[in-house]
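The values are calculated or read from the model by the stated rules, or taken from the named source; none is laboratory data. This structure is a prediction, so every number in the text was calculated from the model and none was measured. Please note: Cβ atoms are built from the backbone with ideal geometry, for glycine as well, and neighbour counts cover all protein chains shown.
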Amino acid sequence: MSDTPPSPPPHEFEGDYRPADSSASAAALDPINARIEPADVAYLMRLTDALNTTLDLQTLLARTSELIRSLIPYRIFAIFLLNDRTHDLRMRFQIGHSPLVERIRVPVGKGVVGQVALTRQPILLNDVSTADYYIAANPDVRSELAVPLIAKNRLIGVLDLESEQPGFFRPEHLHVLTMTASRIAQSIENARLYARVSRQAQTLEVLNEIAVELASILELNLLLERVGQLLRRLIDYQMFTIMLLDERGETLITRYAWRFGYVHAPIRRVPISSGIVGAAVREWRPINVPDVTKDPRYLPMNPETRSELIAPLFYKGRVIGVLDLEHTRPAFFNEEHERILTTLASQIAIAIENARLYQAVHRQERQLEKDITMAREVQLRLLPTEAPSHPHADMAVRFLPARTIGGDLYDFLDYGPNRTAIVLGDVSGKAAPAALFAALVSGIMRAAAVQQPDPAAMLALLNDALQERKLDSQYVTMLFALWNDENRTLQVANSGAVQPVVCRAGQALPVRAEGFPLGMFPGAAYEELSVATQPGDAIVFISDGILDAENEKEEMFGEDRLAGLLCEYRDQPAKEISEAILADVTRFQGGKDRFDDETIIVLRVR
């Protein structure tokens, strides 16, 4: 494109030109004294229509450049916007500039663009070499025209045109840009406001997604790593560290660190009395340092760091650690970053404490599992592994706890030659408390068995002993039967347990012994029944976990099914009878979990 502009449309222009610098050939337009011609009105209407059709900032800046070019055939064009925080001007759109120039930041008051921003007055230089404040970013430039962008009496940027031809820009061009600037400025502000609202909405959406995801992670190391990954969706940091306070609350310890795309392994300990991270803990507030090299509190950790943003992690009125973001660019972190990090820090703190609590509970569960395993070993050692055998009696036992350890207890007590006491009890409750109470009952019973009391006397003795050691809501149902192998009789006393079932000649009959559970009522007395057995009789003693076993239809196993099985297998050895019953109970339950201990003792008369 030629640098020689076409003849401009006729404009009547009135106004004083005053030099921006006494030693330079510069002029500035006083817009108050300018008349608006019909052609100007038409242009402004086209400009307004074009600018009002978009809220996208880049599209808006591109359209602005096209509209201005339709009147001023420039070759070099730029729009600078003011950064309120750093107080410098940054090129947001350009045509004809080199990439190096595009990255330049212009301080207010420096160069033509900086002078326009400082004075808020336009500048027209027909020969840039005559202005001592001119910065020769492009050695080929000879003339320059710049006007301020002001919206609601606030400077937001500068519109800048340059040419390699001296005296290229004329008063008409200045007039057009001055009329255009206010409308462009307002449109830019609208687009920036829309962009901020859109970013805020997007940020809130991302914050919500992050909060939901963090709440679902309960492994601490995985959580800290994920925090670093998710935070990059909101803040483009280069270095990131999570430091947590020790138990005494005096030292910050690195738990996760990320540097330029890689996890950073070294762990550092920083007392809260030193460093910027320590200051954030002591002062209970976020700290944003634009340049750490100028902050005496900074502890050198990364030589590349220039700006740092730290937010404390609060949980229930106390600081538990800090989030530390760093960047190689000075003044990189802004107020929006502070708001985002502060908002996210509260969610991260809750997630960290939840993960810590989960880990503590998990450790306790592992310890509890070890304790329960040991308790099961102790319980199994208290229970006999094999049933005794007599010339006229074949006995077997099967025990299946509902949990790792159970509340059922059984035993075979030696009552002298050819006599064995068969004991089957069920302690109220399940798991460890029931097992401990069962061990207490077993110990009392074994100590009393030395005196060989009859079944009813044994139950009365146990009831009195438990009354002396009474525990709330703890009781025991027990069946105590004494087998005499010489005369093949069975003496039975019952304290609320399931009644034994005898199968004789294919018919099943219960032994109707009854009584109060042990430990419920003081001074309770118990009846005792004697059963004279015959060869071929099969007797089963069971806990209520057998009869009450349920299938998926919530039907119970029941006495009839038990009696049928007992009589069906009565000619088999006692061990096979017990296994057949337990196997049928398992089939009956199907996929439904056991909810109670299951114990079976079978006595078959030879």
Exercise. Taking the condition under 24 Å from G496 (Cβ atoms), outside any helix (DSSP H, G or I) and in the same structural domain as I601 (by TED's automatic domain parsing), does M445 pass?
Worked result: no
Seminar exercise, completed: All-but-one check, G114 against (1) touching a strand residue (DSSP E or B) at 6+ places or on another chain (Cβ under 8 Å); (2) exposed (fewer than 14 other Cβ atoms within 10 Å of the Cβ); (3) of a type in the set (G, A, S), failing number (2)
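Looking only at the stretch 454-468, which residues are surrounded by 19 or more Cβ atoms within 10 Å (Cβ to Cβ) and either touching a Leu at 6+ places or on another chain (Cβ under 8 Å) or not assigned by TED's automatic domain parsing to the domain that holds L529 (or both)?
Scanning the stretch 454-468 gives P455, L459, L462, N463, L466.
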Exercise. Considering only the stretch 202-219, how many residues are buried (at least 16 other Cβ atoms within 10 Å of the Cβ), more than 15 Å from the chain's Cα centre (by Cα) and either closer than 21 Å to I156 by Cα or not hydroxyl-bearing (S, T, Y) (or both)?
Worked result: 0
Exercise. When you look at E144, is it surrounded by fewer than 18 Cβ atoms within 10 Å (Cβ to Cβ) and of a type in the set (D, E), yes or no?
Worked result: no
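Conditions (1) touching a Gly at 6+ places or on another chain (Cβ under 9 Å); (2) modelled with pLDDT under 90; (3) at positive phi, marked per residue:
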site	(1), (2), (3)
Q229	no, yes, no
L252	yes, no, no
P286	no, no, no
L309	no, no, no
Exercise. Closer than 30 Å to H264 by Cβ and either crowded, with 18+ Cβ neighbours inside 10 Å or not polar (S, T, N, Q) (or both) - does that describe any residue in the stretch 184-201?
Worked result: yes
For this session: Would you check if there is a residue in the stretch 474-491 being assigned by TED's automatic domain parsing to the domain that holds Q572, of a type in the set (A, V, I, L, M) and either part of a loop (DSSP other than H, G, I, E, B) or more than 26 Å from N418 (Cβ to Cβ) (or both)?
Result: yes
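Does A349 meet the test of being buried (at least 18 other Cβ atoms within 10 Å of the Cβ), part of a helix (DSSP H, G or I), touching a Phe, Trp or Tyr at 6+ places or on another chain (Cβ under 6 Å) and in the same structural domain as Q229 (by TED's automatic domain parsing)?
yes
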For this session: Quickly run through the stretch 127-136 and pick out the residues that are without any contact (Cβ under 8 Å) to a residue 60 or more places away in the chain and surrounded by fewer than 15 Cβ atoms within 10 Å (Cβ to Cβ).
Result: S129, I135, A136
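Every residue, every condition in (1) assigned by TED's automatic domain parsing to the domain that holds R329; (2) of a type outside the set (D, E, K, R); (3) outside any strand (DSSP E or B), yes or no:
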site: L89; (1), (2), (3): no, yes, no
site: Q94; (1), (2), (3): no, yes, no
site: Q115; (1), (2), (3): no, yes, yes
site: A136; (1), (2), (3): no, yes, yes
site: L161; (1), (2), (3): no, yes, no
site: E172; (1), (2), (3): no, no, yes
site: H175; (1), (2), (3): no, yes, yes
site: T180; (1), (2), (3): no, yes, yes
site: A185; (1), (2), (3): no, yes, yes
For this session: Name the one entry in G515, G536, G558 that is within 29 Å of E468 (Cβ to Cβ) and not aliphatic (A, V, I, L, M).
Result: G515
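Working only within the stretch 149-159, note down all residues that are assigned to a strand (DSSP E or B) and without any contact (Cβ under 8 Å) to a residue 40 or more places away in the chain.
I150, A151, R154
Which ones in the stretch 48-87 are part of a strand (DSSP E or B), touching a Ser or Thr at 6+ places or on another chain (Cβ under 8 Å) and within 22 Å of R196 (Cα to Cα)?
Across the stretch 48-87, the qualifying residue is only I79.
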Exercise. Considering the stretch 552-578 alone, what residues qualify as being outside any loop (DSSP other than H, G, I, E, B) and in contact with a Phe, Trp or Tyr (Cβ under 6 Å, 6 or more places away or on another chain)?
Worked result: I577
For this session: Within the stretch 138-148, work out how many residues are free of Cβ contacts under 8 Å to residues at least 40 places away in the same chain and assigned to a loop (DSSP other than H, G, I, E, B).
Result: 3
